[in-house]
Amino acid sequence: MIVRQHPRFHASFSGTLIHRRERHAISKSHDLSRRGCRVQSTCPAFTGMKVDLLLTLPDSKTPIVIQGAVVRWSGSEGIGIEFPSLASPHQELLEGVIQQLEARVPRGKHFASISGRA
């Protein structure tokens, strides 16, 4: 069993994954946490690869910019990406979304949903 430091939440968002100045659309988002996400993309991802992300969450006019994220795994289930420390104000934007998700989850559960265009 994997023990996670931060709970993951089902999340539907759009975005872009950038590697070596090439942009790849996030075709589907699966989940989001304070320290990472799982997405689908046409990017040929591999473990250890560094990427930048632009995440556009529902009801947000400003994308969350995540620089220097690391691919932890990739496969048929998507791409697991870990976030480094985020710069302000992006950390505050992500924290606000996570707090909204936490408020929607019954105590002891770790899956709530946000939805928008994915």
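Derivation of every value follows stated rules applied to the coordinates shown; laboratory data play no part. Just so we're clear, the structure is a prediction, and the values are computed from it rather than from any experiment. Here the Cβ is made from the backbone with ideal geometry for all residues, glycine too, and neighbour counts use every protein chain on show.
Residues of region 16-31 with amide nitrogen under 14 Å from the 7 Å Cα-to-Cβ point of PHE46? Under cut-off, by backbone N: 20. Rounded to the nearest Hz, the phi-derived 3J(HN,Hα) couplings of region 65-76 under the Karplus curve 6.51 cos²θ - 1.76 cosθ + 1.60 (θ = phi - 60°) are 9, 10, 9, x, 5, 10, 6, 8, 6, 8, x, 5, where x marks glycine and proline. One chain, two ends: ARG104 and SER85. Fully extended at 0.36 nm per residue, the span grows by 4.3 nm beyond their Cα-Cα distance. Using R₀ = 22 Å, calculate the FRET efficiency as 1/(1 + (r/R₀)^6) where r is the Cβ-Cβ separation of LYS61 and ARG20; round to 0.05. Efficiency at R0 = 22 Å is approximately 0.20.
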